[in-house]
Protein chains: 2
Amino acid sequence: MTTADLIIYNAAQLITCAADDGPKRGAAMQDLGLIADGAVAIRGQEILAVGTGAQIRAAYTAREQIDAGGRVVCPGFVDPHTHVVYAGDRAHEFEMRIAGATYLEILAAGGGILSTMQAVRQAPLEHLVAESRRRLDTMLALGTTTVEVKTGYGLSTEAELKMLHAIEELDRTHPCDLVPTFLAAHTTPPEYGDDADAYVDLVIREMLPRALDWYAHSVFASGRPFFIDVFCEDHAFDVEQSHRVLAAGKDAGMGVKIHSDQFNSLGGTAVAVELGATSIDHLDAIAAEDIARVAASQAVAVPLPAANFNLGQTNFAPARGLIDAGAALALATDINPGSAPCPSLPLVMAIACRYQRLLPSEALNAVTINAAHAVGMGHRLGSLQPGKQADLLILDMPDYRHLTYQFGANPVWRVIKSGRVVV
Amino acid sequence: MTTADLIIYNAAQLITCAADDGPKRGAAMQDLGLIADGAVAIRGQEILAVGTGAQIRAAYTAREQIDAGGRVVCPGFVDPHTHVVYAGDRAHEFEMRIAGATYLEILAAGGGILSTMQAVRQAPLEHLVAESRRRLDTMLALGTTTVEVKTGYGLSTEAELKMLHAIEELDRTHPCDLVPTFLAAHTTPPEYGDDADAYVDLVIREMLPRALDWYAHSVFASGRPFFIDVFCEDHAFDVEQSHRVLAAGKDAGMGVKIHSDQFNSLGGTAVAVELGATSIDHLDAIAAEDIARVAASQAVAVPLPAANFNLGQTNFAPARGLIDAGAALALATDINPGSAPCPSLPLVMAIACRYQRLLPSEALNAVTINAAHAVGMGHRLGSLQPGKQADLLILDMPDYRHLTYQFGANPVWRVIKSGRVVV
């Protein structure tokens, strides 16, 4: 009899999402590693064992036990693409857009990404942290236990570093684990007019070294990766500029991510594959040959359907086609104040099932094991396997399919983060 | 100084949705009756006064006071079209549909409305009540304080009456107020094959008198209306059958509702207008001349966009066109186990803003004052005005536009029902 710290038992379905090497791709995305009448034994922050209730009872004891009451137990959700650190809001812009205002009219009224840049530049660090913490609280209650977070609203050396410090402070003080991504190349700030090349020079020569220095002395340096990212799109950065930014980050040892093919297919996806990207995100306008390219690569494809929904679009990234081509696919909220003011991975899954024809099983792997791989943490997170971090959810439902079948409410009954009940 | 029982103060925005006669229609749907720095005085179950904090402080005292903390206060939401009383679920059918199963394949696998009919017929009353109560709990937490509920899964005299008794039991024991609607003409049960006329005879000659007798002795007879409803659609009931059902209900003193133009425009909308319908629901395929007809009538138009979303549709009812034509419009969840497993009016509003171009103000009037009129309760519910029932919400946001700008989480901080804090 082995002594554990916590046993969770009586799970009608224990969804392990177990995978031994890399993310699930293609048809394997339907495999949830489901154990009926399941149980989990936890010691400290880690999973000791998973199995049927009978198996766990026979081998483990623990002082603390949680009766899941016939509910579903699954890994904590990983949100692999967010802009959750920001200040201010853009509710007025949302209303203007519905009323028919054009992009230029919204800009003239002080809207758009530059309005968020101004708010972030002006916000003291504590203010930025406090506003973002409230959003993380909401996300945690909705089942998200790990959150990738991008910079990219500072757009100056000082303000981008402030965002990195905010990410570090939130990781230190919030139950969620954060994974930092440096996205100074989000858009060219007004100081540089339309000289994106000059801004890219600044990003690479001044900002990136400072960001790497921050990382080296941060809590993330031991065991959490640091990503470089760029927005490759018309009116943002072209393929050559994107390549320069990503290559500079890669040369410095960072993981590679990209915003690619959101509105136009410029070639960023091929660049990212060539650089060995960890994830390639958006992909609404991905070309057929790039679907094959992504499927044949190690990169995880990350569509962001809440952004399409938020813009009232009826087209969505070809997530079904990507999976059918053999790609590994993850889903993310893209939470941000402009195109996706949405903290809910359950709603993102619900949209993906309906508008991108993901099966309930595929959607669940897309926010657990595959999302963990999309942030370079697949070895520690995203599945319920011995030795992995004990991040798990008890969902208030008798069958995992209800997670996507029902929509609009919070399906999460309890959140366990690193072995501790936090919700 | 007048003594109240409860004062709610420090609302950054008090949204009254005040209207003096009938629902808001056309451009008036943008008027929220907003009071900055607002407060409400409540005595017993009713609103005594609304005004600015200074006005209320100067005239009222109360032992119990709630500091809204700069949040938004608005009327409790009214959900004017639901099938929330049911048994079982259809998660398997949801998965089959995504995988590409046809309607006939789903029927062959035991899916569709008849599977819910079987589950309802078999469920003991207590079971039906218990399952439905959990859904009402979720809806209440999401801000819904009044719920219209339809029968229509029993499809036999006995089972339809069981549904009515379930509605009464839930109204008696749950904080939500319920408004009953008799929808025996939801579909023709298998006992009648394709002889819809014979089933309509049963509905009118046997079931309706029993339902009216139930109502006369129910808690609803004093102060709550009773509606007749029919599903006018190909493979359901044609225009003549629909007219027979609705006219029989109207002759017996019931309010008139209809499911019309969901997939095909058969003429049910004109029939409903002619019969003085209280609401006309779905309207996805409404003809241009019927838009004008509805706009010129007293009926409230009730699109149900969660059903379109659930089916992954990219077309939605022309809500914008209806408002622009001068119609009064309300929104509802349509919560049901097949086409809309969605308890959330905030999400329905978010869909309507994005895919039907409703302004945040219009969406809010659509789930308060107009929804109250859509269930014949506009004189008692749906706005914060002296003498009305004290059903109100404190929303965790500084501006009402956040209710639709943000989506996917629960925006409700507190629910006050009949003067009492229930969430």
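The values are calculated or read from the model by the stated rules, or taken from the named source; none is laboratory data. These figures come from a predicted structure and were not determined experimentally. Counting neighbours? That spans all protein chains shown, and the Cβs are built from the backbone with ideal geometry, glycine included.
Has segment B:54-66 got any residue that is in contact with a strand residue (DSSP E or B) (Cβ under 8 Å, 6 or more places away or on another chain), within 30 Å of B:Leu155 (Cβ to Cβ) and modelled with pLDDT of 95 or more?
No - not one qualifying residue is present in segment B:54-66.
Which one of these does B:Lys257 not meet: (1) touching a residue at least 40 places away in the same chain (Cβ under 8 Å); (2) more than 30 Å from A:Thr404 (Cβ to Cβ); (3) not in a strand (DSSP E or B)?
Of the numbered conditions (1) touching a residue at least 40 places away in the same chain (Cβ under 8 Å); (2) more than 30 Å from A:Thr404 (Cβ to Cβ); (3) not in a strand (DSSP E or B), the odd one out for B:Lys257 is (3).
Out of curiosity, is B:Tyr153 assigned by TED's automatic domain parsing to the domain that holds B:Phe237, of a type in the set (Phe, Trp, Tyr) and not in a helix (DSSP H, G or I)? Talk me through it step by step, then tell me what you get.
Working: assigned by TED's automatic domain parsing to the domain that holds B:Phe237: yes; of a type in the set (Phe, Trp, Tyr): yes; not in a helix (DSSP H, G or I): yes.
Criteria met by B:Tyr153.
Spot the failing condition for B:Leu104; the list is (1) surrounded by 14 or more Cβ atoms within 10 Å (Cβ to Cβ); (2) at pLDDT below 95, and only one is missed.
(1)
From (1) among the hydrophobic types (A, V, I, L, M, F, W, C); (2) surrounded by fewer than 21 Cβ atoms within 10 Å (Cβ to Cβ); (3) closer than 30 Å to A:Lys388 by Cα, pick out the condition that doesn't hold for A:Leu183.
(2)
Mind listing whichever residues of segment B:279-306 are touching a residue at least 40 places away in the same chain (Cβ under 8 Å) and either within 14 Å of another protein chain (Cβ to nearest Cβ) or surrounded by fewer than 24 Cβ atoms within 10 Å (Cβ to Cβ) (or both)?
Within segment B:279-306, B:Ala295, B:Gln298, B:Leu304, B:Pro305, B:Ala306 meet the criteria.
Results for (1) closer than 19 Å to A:Ile7 by Cβ; (2) more than 14 Å from chain B (Cβ to nearest Cβ); (3) in a loop (DSSP other than H, G, I, E, B); (4) out of contact with any helix residue (DSSP H, G or I) (no Cβ under 8 Å at 6 or more places or on another chain), shown as yes or no for each residue.
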| position | (1), (2), (3), (4) |
| --- | --- |
| A:Ala49 | yes, yes, no, no |
| A:Arg63 | yes, yes, no, yes |
| A:Ala68 | yes, yes, no, yes |
| A:Arg71 | yes, no, no, yes |
| A:Ala87 | no, no, yes, no |
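Given B:Ala166, B:Ala141, B:Ala119, which one is of a type in the set (A, V, I, L, M, F, W, C), over 20 Å from the mean Cα position of the chain (by Cα) and either surrounded by 19 or more Cβ atoms within 10 Å (Cβ to Cβ) or not assigned by TED's automatic domain parsing to the domain that holds B:Pro411 (or both)?
Testing whether each residue is of a type in the set (A, V, I, L, M, F, W, C), over 20 Å from the mean Cα position of the chain (by Cα) and either surrounded by 19 or more Cβ atoms within 10 Å (Cβ to Cβ) or not assigned by TED's automatic domain parsing to the domain that holds B:Pro411 (or both) leaves just B:Ala119.
With the checklist (1) in contact with a Cys (Cβ under 8 Å, 6 or more places away or on another chain); (2) of a type outside the set (D, E, K, R); (3) closer than 22 Å to B:His373 by Cα in hand, flag the one item B:Val239 doesn't pass.
The one condition B:Val239 does not meet is (3).
Keeping to segment B:60-86, report how many residues are surrounded by fewer than 22 Cβ atoms within 10 Å (Cβ to Cβ) and within 23 Å of the chain's Cα centre (by Cα).
Final tally of qualifying residues: 0.
Tell me whether segment B:85-96 contains one or more residues that are out of contact with any Lys or Arg (no Cβ under 8 Å at 6 or more places or on another chain) and of a type in the set (Phe, Trp, Tyr).
Yes.
For every residue, the table says whether it meets (1) within 14 Å of another protein chain (Cβ to nearest Cβ); (2) over 23 Å from B:Gln45 (Cα atoms); (3) of a type in the set (A, V, I, L, M, F, W, C).
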{"position": "B:Arg97", "(1), (2), (3)": "yes, yes, no"}
{"position": "B:Gly111", "(1), (2), (3)": "yes, yes, no"}
{"position": "B:Ala123", "(1), (2), (3)": "no, yes, yes"}
{"position": "B:Leu142", "(1), (2), (3)": "yes, no, yes"}
{"position": "B:Gly152", "(1), (2), (3)": "no, yes, no"}
{"position": "B:Ser156", "(1), (2), (3)": "no, yes, no"}
{"position": "B:Asp171", "(1), (2), (3)": "no, no, no"}
{"position": "B:Asp177", "(1), (2), (3)": "no, no, no"}
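Of (1) surrounded by fewer than 24 Cβ atoms within 10 Å (Cβ to Cβ); (2) outside the structural domain of A:Arg71 (by TED's automatic domain parsing); (3) touching a residue at least 24 places away in the same chain (Cβ under 8 Å), A:Met397 satisfies all except one. Which?
(2)
Given the criteria outside any helix (DSSP H, G or I) and more than 14 Å from chain A (Cβ to nearest Cβ), does B:His81 qualify? Before the answer, list the steps.
Numbers: outside any helix (DSSP H, G or I): yes; more than 14 Å from chain A (Cβ to nearest Cβ): yes.
Against the criterion (outside any helix (DSSP H, G or I) and more than 14 Å from chain A (Cβ to nearest Cβ)), B:His81 qualifies.
So B:Ala41 ticks every box in (1) part of a loop (DSSP other than H, G, I, E, B); (2) closer than 30 Å to B:Leu136 by Cβ; (3) not acidic (Asp, Glu) but one. Which box is left unticked?
Unmet for B:Ala41, out of (1) part of a loop (DSSP other than H, G, I, E, B); (2) closer than 30 Å to B:Leu136 by Cβ; (3) not acidic (Asp, Glu): (1).
Take the residues of segment B:209-255 that are surrounded by fewer than 18 Cβ atoms within 10 Å (Cβ to Cβ) and of a type in the set (Val, Ile, Thr): which is farthest from the chain's Cα centre (by Cα)?
My answer is B:Val239.
Keeping to segment A:307-319, report how many residues are more than 16 Å from A:Pro23 (Cβ to Cβ) and crowded, with 23+ Cβ neighbours inside 10 Å.
Number satisfying all stated conditions: 6.
Can you tell me which residue in segment A:371-423 is farthest from B:Glu95 (Cα to Cα), limited to those that are within 14 Å of another protein chain (Cβ to nearest Cβ) and part of a helix (DSSP H, G or I)?
Looking at residues that are within 14 Å of another protein chain (Cβ to nearest Cβ) and part of a helix (DSSP H, G or I), I get A:Leu403.
Find the residue count for segment A:348-370, including only residues that are hydrophobic (A, V, I, L, M, F, W, C), assigned to a helix (DSSP H, G or I) and within 14 Å of the chain's Cα centre (by Cα).
6
So that you can scan it fast, the table gives a plain yes or no per residue for (1) of a type in the set (Asp, Glu); (2) at pLDDT 95 or above:
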{"residue": "B:Ser222", "(1), (2)": "no, no"}
{"residue": "B:Asp229", "(1), (2)": "yes, yes"}
{"residue": "B:Cys232", "(1), (2)": "no, yes"}
{"residue": "B:Lys250", "(1), (2)": "no, yes"}
{"residue": "B:Gly255", "(1), (2)": "no, yes"}
{"residue": "B:Ile258", "(1), (2)": "no, yes"}
{"residue": "B:Ser265", "(1), (2)": "no, yes"}
{"residue": "B:Gly268", "(1), (2)": "no, yes"}
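Is segment A:284-306 home to any residue that is outside any helix (DSSP H, G or I), charged (D, E, K, R) and in contact with a strand residue (DSSP E or B) (Cβ under 9 Å, 6 or more places away or on another chain)?
No.
Within segment B:338-373, work out how many residues are touching a residue at least 60 places away in the same chain (Cβ under 8 Å) and among the hydroxyl-bearing types (Ser, Thr, Tyr).
Total satisfying the criteria: 3.
Report, by residue number, each residue of segment B:320-370 that is of a type outside the set (A, V, I, L, M), at the interface with chain A (Cβ under 10 Å from one of its Cβ atoms), more than 23 Å from A:Asn410 (Cα to Cα) and surrounded by 24 or more Cβ atoms within 10 Å (Cβ to Cβ).
B:Gln356, B:Glu362
Pick from B:Ala28, B:Ala39: which is without any contact (Cβ under 8 Å) to a residue 24 or more places away in the chain and not charged (D, E, K, R)?
Working: B:Ala39 fails: without any contact (Cβ under 8 Å) to a residue 24 or more places away in the chain.
One residue alone meets the criteria, B:Ala28.
Is it the case that segment B:132-146 has a residue that's assigned to a helix (DSSP H, G or I), small (Gly, Ala, Ser) and either in contact with a helix residue (DSSP H, G or I) (Cβ under 8 Å, 6 or more places away or on another chain) or closer than 30 Å to A:Pro398 by Cβ (or both)?
Taking every residue of segment B:132-146 in turn, at least one turns out to be assigned to a helix (DSSP H, G or I), small (Gly, Ala, Ser) and either in contact with a helix residue (DSSP H, G or I) (Cβ under 8 Å, 6 or more places away or on another chain) or closer than 30 Å to A:Pro398 by Cβ (or both).
If you take the residues in segment B:1-24 that are surrounded by fewer than 22 Cβ atoms within 10 Å (Cβ to Cβ) and in a loop (DSSP other than H, G, I, E, B), which one is nearest to the chain's Cα centre (by Cα)?
By that ranking, first place goes to B:Gly22.
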